[in-house]
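**Student:** This is the structure, below, for whatever I ask next.
The values are calculated or read from the model by the stated rules, or taken from the named source; none is laboratory data. Note that the structure is predicted; figures quoted are calculated from it, not measured. Every residue, glycine as well, gets a Cβ built from its backbone with ideal geometry; the counts of neighbours run over all protein chains shown.
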Amino acid sequence: MKRVQQEAANCKANLQRVGAAISETIVLLREYARHGDWNRVRTTALQDNLLQKGSSETVVGILKAVKRRVFLDTDTLPSAETLALTMVADIPDAAKNQLVHAYICASDALVAHTVVGLVRPLVATAFEPCLTAKDVVTFLSQEATVHPELRSWSDTLCQRWAGSFTSLLRAMGIVERLPGSRLQAPVMRVEAFTFLLLGLLESGLSPGEALAHTLWDWYLLSEPSKEALLAEAQGRGWVYYSRAADIVELQPRYASLEEWIRAGLG
């Protein structure tokens with residue numbers, strides 16, 4: 001299936017329509033892994049109520065959002081077909097959730113920008129950092145000065161988007177559960193880290209470029225955390241890694257990302 005064009009240059013109101021829909025994305029991708037045919041997935045979701053929703057309109061909205069998020073015209077992330085393989089692999093649900101998060105950020109410039117421009121600095125510099133939907137609305141108002149498309153958003157739209165954004169962060173463990181609002185860097189699963197890392201290497205990036213890629217900011221990943229994840233991935237036999245000063249050696253232990261998913265993850 002041809003991938004749809006990524007609209008990363010624009011800040012559009014996409015998240016508020018269906019929210020993060022992480023569990024629904026996983027269900028749809030599992031079905032896609034079985035058939036490799038998105039039209040068949042769509043038919044099954046609508047006819048058999050695969051997502052267990054109360055209306056077909058809701059299902060259609062989720063299908064559109066998931067399609068836009070996972071069929072990206074980008075070299076940053078692996079294809080939807082490869083992502084779908086991880087959804088039927090024997091890995092923790094937390095790792096699957098974290099992978100969906102990457103595709104949401106990659107497909108929605110505003111989500112990625114708000115994580116990097118608002119959340120990451122708070123976690124890095126604030127004492128006992130917290131985040132509420134009101135803080136996100138304030139950030140959107142400030143960003144409207146440089147992103148004209150945000151100026152047309154109503155107060156209601158801003159509030160809905162902010163609510164969906166904070167819900168996404170809660171699903172990722174970046175914001176604690178309600179009624180709390182404390183921010184923290186999430187604990188990234190090594191399975192999700194390795195998938196994204198191998199995908200970057202397979203796209204042609206050097207080890208240094210892959211490890212410095214901006215997508216790690218979507219997980220608030222520090223350099224020590226990267227080193228710990230690399231050590232764990234090496235310990236599992238997935239990669240070979242060594243560093244001497246500025247010289248980085250990083251080699252996958254599998255011929256391809258798909259081979260790692262099938263053989264390395266089981």
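**Student:** If you go through the range 205-224, how many residues are over 18 Å from the mean Cα position of the chain (by Cα) and surrounded by 17 or more Cβ atoms within 10 Å (Cβ to Cβ)?
**Tutor:** Residues that pass the stated criteria total 2.
**Student:** Another one. Of all the residues that make up the range 1-21, how many are surrounded by 13 or more Cβ atoms within 10 Å (Cβ to Cβ) and either among the small types (Gly, Ala, Ser) or modelled with pLDDT of 95 or more (or both)?
**Tutor:** Of the residues in that region, 5 qualify.
**Student:** Can you find even one residue in the range 63-71 that is of a type outside the set (Gly, Ala, Ser), closer than 21 Å to Leu265 by Cα and in contact (Cβ under 8 Å) with a residue 60 or more places away in the chain?
**Tutor:** No; the residues of the range 63-71 include none that is of a type outside the set (Gly, Ala, Ser), closer than 21 Å to Leu265 by Cα and in contact (Cβ under 8 Å) with a residue 60 or more places away in the chain.
**Student:** Check the range 54-71 and report whether any residue there is closer than 23 Å to Leu221 by Cα, buried (at least 16 other Cβ atoms within 10 Å of the Cβ) and either out of contact with any Asp or Glu (no Cβ under 9 Å at 6 or more places or on another chain) or modelled with pLDDT under 95 (or both).
**Tutor:** Yes; the residues of the range 54-71 include at least one that is closer than 23 Å to Leu221 by Cα, buried (at least 16 other Cβ atoms within 10 Å of the Cβ) and either out of contact with any Asp or Glu (no Cβ under 9 Å at 6 or more places or on another chain) or modelled with pLDDT under 95 (or both).
Residue by residue, here is whether (1) hydroxyl-bearing (Ser, Thr, Tyr); (2) under 20 Å from Leu200 (Cβ atoms); (3) at pLDDT 95 or above holds:
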position	(1), (2), (3)
Ala84	no, yes, yes
Pro92	no, no, yes
Val116	no, yes, yes
Glu128	no, no, no
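**Student:** In the list Gly237, Gly173, Gly180, which residue meets the criterion of being at positive phi, surrounded by fewer than 13 Cβ atoms within 10 Å (Cβ to Cβ) and of a type outside the set (D, E, K, R)? If you could, list the steps in order and put the result at the bottom.
**Tutor:** On the way: Gly173 fails: surrounded by fewer than 13 Cβ atoms within 10 Å (Cβ to Cβ); Gly180 fails: at positive phi.
Going through Gly237, Gly173, Gly180 in turn, the sole match is Gly237.
**Student:** Only one of (1) of a type outside the set (D, E, K, R); (2) assigned to a helix (DSSP H, G or I); (3) surrounded by fewer than 16 Cβ atoms within 10 Å (Cβ to Cβ); (4) touching a strand residue (DSSP E or B) at 6+ places or on another chain (Cβ under 8 Å) is not met by Ala228, so which one is it?
**Tutor:** Failing condition for Ala228: (4).
**Student:** Let me ask something else about it. Kindly check whether there is at least one residue in the range 240-262 that is in a strand (DSSP E or B), free of Cβ contacts under 8 Å to residues at least 60 places away in the same chain, of a type in the set (Val, Ile, Thr) and under 19 Å from Ile104 (Cβ atoms).
**Tutor:** Within the range 240-262 (the criterion being in a strand (DSSP E or B), free of Cβ contacts under 8 Å to residues at least 60 places away in the same chain, of a type in the set (Val, Ile, Thr) and under 19 Å from Ile104 (Cβ atoms)), the answer is no, since none of the residues qualifies.
**Student:** Okay, moving on. If Thr74 passes every condition in (1) under 20 Å from Val190 (Cβ atoms); (2) outside any helix (DSSP H, G or I) but one, which one does it miss?
**Tutor:** If we test Thr74 against (1) under 20 Å from Val190 (Cβ atoms); (2) outside any helix (DSSP H, G or I), just (1) comes out false.
**Student:** Hey, another quick one. Give me the pairs, please: first residue somewhere in the range 172-190 and touching a residue at least 12 places away in the same chain (Cβ under 8 Å) and closer than 19 Å to Ala126 by Cα, second residue anywhere and among the charged types (D, E, K, R) and in a loop (DSSP other than H, G, I, E, B), beta-carbon distance under 6 Å, and either six or more positions apart or on two chains.
**Tutor:** The qualifying pairs are Arg182/Glu176.
**Student:** Can you tell me how many residues in the range 110-131 are under 21 Å from Leu178 (Cα atoms) and surrounded by 13 or more Cβ atoms within 10 Å (Cβ to Cβ)?
**Tutor:** Residues of the range 110-131 that are under 21 Å from Leu178 (Cα atoms), as a first pass: 111, 114-115, 118-120, 122-123, 126-131.
The next check asks that each one be surrounded by 13 or more Cβ atoms within 10 Å (Cβ to Cβ); those that pass are 111, 114-115, 118-120, 122-123, 129-131.
So the count comes out to 11.
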